[in-house]
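Working notes, beginning with the structure itself.
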Amino acid sequence: MVEENICSLKGIVKESDQDKLMETVKKTDPSLILLAYNHGVDFGNMPQFPMTDFYKEPPLNSVPWLLKQKGMVGEILKSSKTLLTISTTPAISTTLTQDDYEPKNIWKLESCILSCTGTATGNGLIRELEEVLKENKIENKEDTRVMILSGGHGDNKDEKNNMTPVGGLSCFSDLSMLEYKFYEDDCKRIGVAAEPDPCTYHPTENTVTDIKQNVSLSKPEPMAPYAWPSSKETPLMQDERFNLIKFNVSNVGQFFKDPDGLVEYLTEYNPTFIIIGWSFSTNGDLSVALRARAFFSKMLLEFDLRSIKSPSASLSDDQIKLLKKADQPADWAGHGKDLRK
């Protein structure tokens, strides 16, 4: 716990106390940091907060300024912890809702798998992807194949609306969470043409009622660049830093409640990097389904092989069979069996 006398009532830290404060924060290793001061942060943008940076530069020597100067804001958020800032001014703080305090755009990178641990936004996904690309965690070369799964919302609640740490519902299993515009927007940001909407809608309400049965699924190959007439920003595929990468943006509505069909599609595309671009996707229903079918295991192992051996290294058929065998329900009566057989 930080000593109260380190900060003034306005949250300003004396230079002589700054190292002490930072050492206390690191030593405590908190899962939640609550900055209960009015630091001049732009609270009008609170629904998009917290990010890895502040919308408005905090005052000199304030706690947010100090965390930023020491590089701890990004460190806190990247480690799936929570940084909250609330105002002590009643006129401001009373306008905020519970949703305003939820972590936004906290992305988790597992070597070649990018997912969101909390609430995601479209711009947040692209910003995170740009950061990953800039840091060379995805190489700009022709054999890099990125798959983005898009098309709706995700949640951390189950079918009974109960909070759950694993297997929360998403647009992969709940029709009401499908949102074609999200997929279309992601296509615009990447710079590819969107596939037709696979959903049917209520005649008077804009709600999804079913998935069309006659929508043909395009072959899983890199999507060609497309010039969106209404796009105001330069798409990623037109940025020379990323222009060699092969992108595919897939609408999860085409694989609604069909994990085996999705795995077959992904296997044929053979991505080197995959993104599940909706809220709470890290432990959501689709991540659980892909892990249960050993697809994530295959990707992670091949990522390690490419890093250790050569860029073209891949698992053998026997190794893939072993992964699938290990995925089968445990035989507790014979749990000592050798899976190498």
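Numbers below:
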item: Separation between Cα centres of region 214-247 and region 141-185, rounded to whole Å; result: 20
item: Karplus 3J(HN,Hα) series, Hz, for region 239-253 with 6.51 cos²θ - 1.76 cosθ + 1.60 (x for Gly, Pro); result: 7, 4, 6, 10, 6, 8, 6, 8, 10, 9, 10, 10, 7, 5, x
item: Long-range amide H partners of residue 192 with built H, under 5 Å; result: 226
item: Zero-based 5 Å bins, Cα pair distances in region 134-184, whole percents; result: 5, 18, 18, 14, 11, 14, 12, 6, 2, 0
item: Highest to lowest packing among 236-246, 175-185, scored as the average C-beta count within 10 Å; result: 175-185, 236-246
item: Values of log10 I(q)/I(0), in the order q = 0.20, 0.21, 0.22, 0.23 Å⁻¹, for region 96-219 under a Debye, Cα-only, solvent-free model; result: -1.36, -1.41, -1.46, -1.49
item: Listed residue pairs exceeding 25 Å between alpha carbons, taken from 134/188; 246/321; 104/137; 137/157; 212/257; 108/212; result: 246/321; 137/157; 108/212
item: Karplus-derived HN-Hα couplings along region 184-196 (A = 6.51, B = -1.76, C = 1.60, θ = phi - 60°), whole Hz, x at Gly and Pro; result: 4, 5, 5, 4, 4, 5, 7, x, 10, 6, 7, 6, x
item: Diffusion constant of region 202-253 at 25 °C, which comes from Stokes-Einstein with the Kirkwood Cα-pair radius and 0.890 mPa s, µm²/s; result: 170
item: Label point distance in nm, residue 140-residue 268, each placed 7 Å from Cα along Cα→Cβ; result: 3.1
item: Accessible surface ranking that places the most exposed of 275, 308 first, with a 1.4 angstrom probe; result: 308, 275
item: Globularity ratio of region 176-221, using Cα Rg and 2.2 N^0.38 Å; result: 1.27
item: Spacing of the two label points (7 Å from each Cα toward its C-beta) at residue 127 and residue 218, in nm; result: 2.8
item: Peptides 218-230, 135-147 ordered by average Cβ neighbours within 10 Å, highest first; result: 135-147, 218-230
item: Rg/Rg_globular for region 147-265, with Rg_globular taken as 2.2 N^0.38 Å and Rg from C-alpha atoms; result: 1.15
item: Amide H within-cut-off set for residue 179, under 5 Å, with H built and near neighbours excluded; result: 152, 153
item: Rg followed by Dmax, in Å, when region 101-171 is reduced to its Cα trace; result: 14.1, 45
item: Within region 244-269, backbone nitrogen closer than 20 Å to the virtual label 7 Å beyond the Cα of residue 317 toward Cβ; result: 264-269
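The values are calculated or read from the model by the stated rules, or taken from the named source; none is laboratory data. What you see is a predicted model; the values in this text were computed from it and never measured. With ideal geometry, Cβ positions are generated from the backbone for all residues, glycine too; neighbour counts draw on all protein chains shown. Surface accessibility is based on the protein's heavy atoms, side chains included, excluding ligands, DNA and RNA. Shrake-Rupley method; radii C 1.70, N 1.55, O 1.52, S 1.80 Å.
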